[in-house]
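Report on the following structure.
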Amino acid sequence: MKESKALIKLDLEICDLYFKAIGKILSEEDSENDINNMKCFLNLISPSANSKSRKRQISKKSIQILKQTLFYRISYIYWNSTCFSSSVARHFRKFLVEHSNVLKELLSKKKIRICSLGGGCVSDVIAIVKVLESFAEVNQEMDICVSVIDMDGRWRNTSLSILQSLERFRNLTWKIDFIQADLTKPLNDSVESILKNADIVSAVKFLSESENVKSRWNIFPKMRNLTKPGSLLFFLDYSTPSVVDAFGNKSGDIPGYCLLYEAAYDLHTLDRAVVERLFLLYGDQFHLSKFCTDIIVLTRVWQRPCSDPGSDLKEQLSKRKARLQKEIEEIRLLQIFRFESIQFWEFSFINERKKKWRNKKKIQKIIKPDGGVVEAELGRKMNLVASIKEKIKIEEKELENSYKTYLLTNKEIENSCKTYLSTNKELENCKAYISKNKVDRVASSRKATESKQKNYKKNVRKLVKRLNQKYPIYLKNVEKDGFDSQFNLSEINLDTEALFVYR
């Protein structure tokens, strides 16, 4: 119950954030025409999903032109973002609760770097940041940097405006980076650098956005060689067969990663309180009462196993010990030289004495200064050796501690994987048993989920109907001339859900 309330609170905050962000984007454009275009566009498409009359279908070319507009991007955020951010927040929070060691590691970092793949609408980043903030202690400072990699540069300003709606990024735009890049092509240095430093790599709707799912899947073998040990890969997308097959198949196996969390064919729905908040916000401002309230998704979280943390320390220790041996050898040679110098001085002294001290100045000028230089160099070398020995002692202790941490961390990851595999094994045994008894468990599960979704949609329609009666929404008549006539939206029928499934 407590966790449920926390998630609803997060959803309400996310809902308010997107509403404010949309208002900010429209105000920044400083164009009444853009606002009217958006209102007209949304009013035209909202009722069409339930419309029984079928007019001519919009062409693919017109859809592509439509998707290049600002008001389409705003409409896409309005339609999708609250529901998708809610789903990301729910699963990411649940994952961190189940894996407290990962949460502890994240919160202990001085800086958390998040990389969003194909996330121009940043619904994943908003949710991840809000979840991390919800776990942080009251006085704990959390430094978060965000990098968004998207092939469509038109989303740059939109994504920056949304992220700046978060309090932590309001006046810190330098912590947000937007890179326009096609990830199906060879990666440039900027993208590689972002992936190498990322603590969390998020891929929400990354595969389903592409017509060729396999081409986008090819990024992950490359990414595996770039991401650092201990980094997380968070994946959420529509639970379609093509997406499931592309992203780790049914087993979820990706070479080089440990699967720590999975929710397959999961129906995510917005709480009644969130639906009502959306209705009131957008109904009052834009005279809209229809939006995405439920999705069926596949969610998986992987972690790169930690590599040997002692490799760098070992190399450093090896170099330091080699230098120590070199300095010790030089000390030995200096000591020999000092001994031989003294012998030579004694020999010279005896010879000069025999000459009745005729060449005292020569002895003092040549022999004594040499002895002083040797003593000074020996003193310096002795101090250096002592310093090197002390550093070696400290680094050996650090190496020992790092191995303890490494073994503990990898043990926790190993245990998490074993738990998941054990559960998966039990599921496989169940499937084998059911298959033996000729029962299609998967079809049954899908049918049950789809039935739940159908009932939920029915309840949402009833709720919206009651809200419409309680808070009547009057659609404003927008002049036809105020809307770009190239789309001819008044003469076509647009399936809202199909239009906003992909960007």
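The values are calculated or read from the model by the stated rules, or taken from the named source; none is laboratory data. A quick note: this is a predicted structure, and the numbers were derived from the prediction, not measured. Here the Cβ positions follow ideal geometry from the backbone for every residue, glycine too, while neighbour counts run over all protein chains shown.
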**Request:** Residue by residue through region 170-203, note down the ones that are more than 15 Å from Val146 (Cα to Cα) and of a type in the set (Val, Ile, Thr).
**Result:** Thr184
**Item:** Subset of region 1-22 [within 21 Å of the chain's Cα centre (by Cα), surrounded by fewer than 21 Cβ atoms within 10 Å (Cβ to Cβ) and hydrophobic (A, V, I, L, M, F, W, C)]
**Value:** Leu7, Leu17
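Would you call Arg73 among the charged types (D, E, K, R), farther than 29 Å from Leu10 by Cα and either in a helix (DSSP H, G or I) or at pLDDT below 80 (or both)?
no
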**Message:** So Thr158 passes all but one of these: (1) surrounded by 20 or more Cβ atoms within 10 Å (Cβ to Cβ); (2) under 16 Å from the mean Cα position of the chain (by Cα); (3) not in a strand (DSSP E or B); (4) not aliphatic (A, V, I, L, M). Which condition number does it fail?
**Reply:** (2)
**Message:** Among the numbered criteria (1) of a type outside the set (Asp, Glu); (2) at pLDDT 70 or above; (3) in contact with a strand residue (DSSP E or B) (Cβ under 8 Å, 6 or more places away or on another chain); (4) in a loop (DSSP other than H, G, I, E, B), which one does Ser53 miss?
**Reply:** (2)
**Request:** Looking only at region 201-209, decide whether some residue is in a helix (DSSP H, G or I) and of a type in the set (Asp, Glu).
**Result:** no
**Request:** Of all residues in region 225-264, count the ones that are in contact with a strand residue (DSSP E or B) (Cβ under 9 Å, 6 or more places away or on another chain), at pLDDT below 80 and not in a loop (DSSP other than H, G, I, E, B).
**Result:** 2
**Prompt:** Quick check: anything in region 130-143 under 21 Å from Gly23 (Cα atoms) and modelled with pLDDT of 90 or more?
**Reply:** yes
**Fill in**
Inside region 127-169, the number of residues satisfying the requirement of being closer than 19 Å to Ala203 by Cα and among the acidic types (Asp, Glu) is 2
